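Some notes on the structure that comes next.
The values are calculated or read from the model by the stated rules, or taken from the named source; none is laboratory data. These numbers come from a predicted model, not from an experiment. Every residue, glycine as well, gets a Cβ built from its backbone with ideal geometry; the counts of neighbours run over all protein chains shown.
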Amino acid sequence: MATSSYGSASRAPAYSGYNDRDAAPRVTLSTADVRLTNIPKTLFSDIAQEKARTVHAAGENKKNKSTQLRRFYDELVMWHEKVHLQRTPQERKAKYAEVAPFIQMLVAKVAYAKGRDHVDACFETLFAHVVRQIDDAETLRHAKLFMEAFMGFYKAQEK
């Protein structure tokens with residue numbers, strides 16, 4: 001009798017009949033319409049709602065809990081407030097330059113959450129796409145507003 005990495009053929013795991021072709025189709029998310037400059041008229045309405053539906057469907061009620069997603073939104077809001085509490089545009093620009101690396105670190109934080117199965121690839125893709133577009137105080141504001149709209153629609157999906 002031939003042996004396998006399991007020691008012997010009799011100890012090999014039973015074939016379950018499952019393979020990638022049997023898997024349910026994976027939910028895909030397009031981020032092409034999520035732009036923080038030259039923003040589309042429907043970014044904070046229809047686009048945010050569609051992304052919330054997609055991310056909710058992708059999580060299959062196991063991942064992407066609203067409390068987990070809210071943590072990322074809350075941190076984005078915190079950075080937004082630090083920048084926008086400055087009085088003049090020059091002060092906001094200087095503050096943004098100071099905190100920009102920490103804002104970009106949100107990409108690593110969402111990747112870590114995905115690695116721990118708290119969020120799925122759809123949310124990671126969306127959030128990282130939004131964060132990577134932030135390059136000044138104004139795009140930070142647009143990112144915060146988009147994620148605010150997204151979170152509102154996402155919470156409605158849970159009901």
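A few comments on the model shown:
- Considering the conditions (1) modelled with pLDDT under 95; (2) surrounded by 13 or more Cβ atoms within 10 Å (Cβ to Cβ), HIS84 is excluded by exactly one of them, (1).
- Residue list for segment 3-38, restricted to those being modelled with pLDDT of 50 or more and farther than 15 Å from PHE150 by Cα: ARG26, VAL27, THR28, ALA32, THR37, ASN38
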